[in-house]
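Student: Let me give you the structure first, and then I'll get to my questions.
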Amino acid sequence: MKNIFKKISIIGTVALAAMTFGSCEFDEVVDPNAPSLGGVQENATIGQLNELVVGIESTTRNGLGVETTASGTMARELYLFDAEPRNTGDLLGKNGIGLDNNSFYSVSQWNGNYRAIKNTNILLNAIDNTESIDDTERNGYAGFAKTIQAYELIQILKSYGMARTDVADELNLGPILDFNAAIADVRALLEEANTNLSNAGTSFIFPLAGFSTSVSDFQEFNRGVAALAAVYAGDGNGALTALASSSLNLDATTLEELNAGPKHVFSQQANDQTNPVFRGPSTPENPNNGDQIVVHPSFIADATPGDARVERKTALRPDPSTQDELTGDFETRLYATNVSPIDILRNEELILLYAEASILAGSPGDAVTALNVVRNVSGNIGDYTGPTTTDALTEELLRQRRYSLWSENHRMFDLRRYNMSDMLPIDRAGDQIFNVFDIPLSENTGA
């Protein structure tokens, strides 16, 4: 990140702006395709600020593909069969090899997340140095920027176990903090953002696809992220308080209601990008399909018979696929096309957070109620009938998270935070289990 923060990365395209803001009108900007830093840091127009907002949303997608497939490989959710040998070598510890802190899997996500955070800080500085907006609007932009910044920091903590939270001054960066200190900073940042949003009026708009753009609805997203941070900090009661003000819908009875929530959007338009986790289906005519996400055999073998999530998310390959002494019979069907959206925080995850928070808070009945919503609506496997001890419910929670959130960058962190990584299967003699990425080399050398 020392390298990242020496660079300016502001992405704001006319195509993406039109896609996410809809009918919103923009003022003329210095360069709508790549607004310059000087053009927005002093008395930026509302149009320029809105371009920054669009740029922030765009950069939150950076590194998403590697983040998902690399952590999914380490967590034995999937194999990425392609021309890159490190995907089946390094990430599975083949023949005792260790992870490389200067390889794409260690660098890509760190750089991508901090690039988005850099842009949120540019926006925060811009709104402090412009007379184009009033205090109500200023609070709207601040609430947006801080919420997104906190969400990006959470992704870093999930993958690296530590994070640098003080990065506002690129020439005087704060230290890299351990998980507990960093998640405390994230929670404080989310509360600041919530206060900003409470003072943002009712007319401010936010560019999150698949989600209402009103202040109140974005504030519900903020509270959902606050619940996420609270659960990761082990604070069940705090998470339940935040969830009470979020978009959580425990009465969901359809997949559409489970899938409600903000999403990363993609397109084939110029200057945009496609879904990095999508892989085209194999066919009898092209059964090998050299670039494919192959489902780890344990995901299929361990599933409850008839679990609808397996059928929705995976498909049997025309022929089993083998690479690097690894074999899989199924491949991903998680996304239908290369422009399918990727969820940021959907209702299904909020319901699972409610279940986990209830377990942490000593309310097993509420946990079972939430788990049953997911089991019945998403999995079609009926109510939970097992013990309601903390250990039993935690095991059931992690099982439902495994099948509801497969290949969405959750499993590695879930097992790590519950000290259960050693339960993962070893696919080849000499393989190792890793559950955290190394901090990139550039962070340790002063580069």
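The values are calculated or read from the model by the stated rules, or taken from the named source; none is laboratory data. Just so you know, these numbers come straight off a predicted model, no measurement behind them. A quick note on method: Cβ atoms are made from the backbone with ideal geometry, for glycine too, and the neighbour counts reach across all protein chains shown. With ligands, DNA and RNA removed, areas are computed over all heavy atoms of the protein, side chains included. Shrake-Rupley method; radii C 1.70, N 1.55, O 1.52, S 1.80 Å.
Student: Could you tell me whether the stretch 390-411 includes any residue that is of a type in the set (D, E) and under 23 Å from F278 (Cα atoms)?
Tutor: yes
Student: Given (1) modelled with pLDDT under 95; (2) in a loop (DSSP other than H, G, I, E, B), where does P320 come up short, assuming only one miss?
Tutor: (2)
Student: Which residue, of S212, S216, is open to solvent by 20 Å² or more (accessible area, probe 1.4 Å), part of a helix (DSSP H, G or I) and modelled with pLDDT under 95? Even if it seems obvious, please write down each step before you answer.
Tutor: Numbers: S212 fails: part of a helix (DSSP H, G or I).
After applying the criteria, what remains is S216.
Student: Oh, and also: Since I176 meets every condition but one in (1) out of contact with any helix residue (DSSP H, G or I) (no Cβ under 6 Å at 6 or more places or on another chain); (2) modelled with pLDDT of 95 or more; (3) open to solvent by less than 20 Å² (accessible area, probe 1.4 Å); (4) among the β-branched types (V, I, T), which condition does it not meet?
Tutor: All conditions pass for I176, except number (3).
Student: Go through (1) crowded, with 17+ Cβ neighbours inside 10 Å; (2) in contact with a Lys or Arg (Cβ under 7 Å, 6 or more places away or on another chain); (3) assigned to a loop (DSSP other than H, G, I, E, B) one by one and return the number of the condition S245 breaks.
Tutor: Only one criterion is unmet by S245, namely (1).
Student: What are the residues in the stretch 248-264 that are open to solvent by 50 Å² or more (accessible area, probe 1.4 Å) and charged (D, E, K, R), if any?
Tutor: Selection gives D251, E256, E257.
Student: Does any residue of the stretch 334-343 turn out to be closer than 19 Å to L248 by Cβ, crowded, with 17+ Cβ neighbours inside 10 Å and touching a residue at least 24 places away in the same chain (Cβ under 8 Å)? Write out each step before concluding.
Tutor: The first filter runs over the stretch 334-343 and keeps only residues closer than 19 Å to L248 by Cβ, leaving 343.
Pick out the ones that are also crowded, with 17+ Cβ neighbours inside 10 Å and you get 343.
Next cut, touching a residue at least 24 places away in the same chain (Cβ under 8 Å) only: 343.
Yes - at least one qualifying residue is present in the stretch 334-343.
Student: In the stretch 301-317, how many are assigned to a loop (DSSP other than H, G, I, E, B) and open to solvent by 30 Å² or more (accessible area, probe 1.4 Å)?
Tutor: So the count comes out to 4.
Student: Sticking with this one: Specify which of the listed residues (N95, N125) is part of a helix (DSSP H, G or I) and over 30 Å from P320 (Cα atoms). Give the steps one after another, and end with the answer.
Tutor: Details: N95 fails: over 30 Å from P320 (Cα atoms).
Result: N125 is the single residue among N95, N125 that is part of a helix (DSSP H, G or I) and over 30 Å from P320 (Cα atoms).
Student: Can you tell me which residue among S267, S298 is part of a loop (DSSP other than H, G, I, E, B) and open to solvent by less than 40 Å² (accessible area, probe 1.4 Å)? Quick ask: steps written out before the conclusion?
Tutor: Numbers: S298 fails: part of a loop (DSSP other than H, G, I, E, B).
Answer to the selection: S267.
Student: So S267 clears everything in (1) at pLDDT 95 or above; (2) over 30 Å from G365 (Cβ atoms) except one condition, right? Which one?
Tutor: (1)
Student: A further question on this structure: If the Cβ limit is 8 Å and pairs must be 6+ apart or interchain, which residue in the stretch 410-434 that is farther than 21 Å from L350 by Cβ pairs with which residue that is surrounded by 16 or more Cβ atoms within 10 Å (Cβ to Cβ) and of a type in the set (K, R)?
Tutor: From the stretch 410-434, the pairs are L424/R76; P425/R76; D427/R76; R428/K94; G430/K94; D431/K94.
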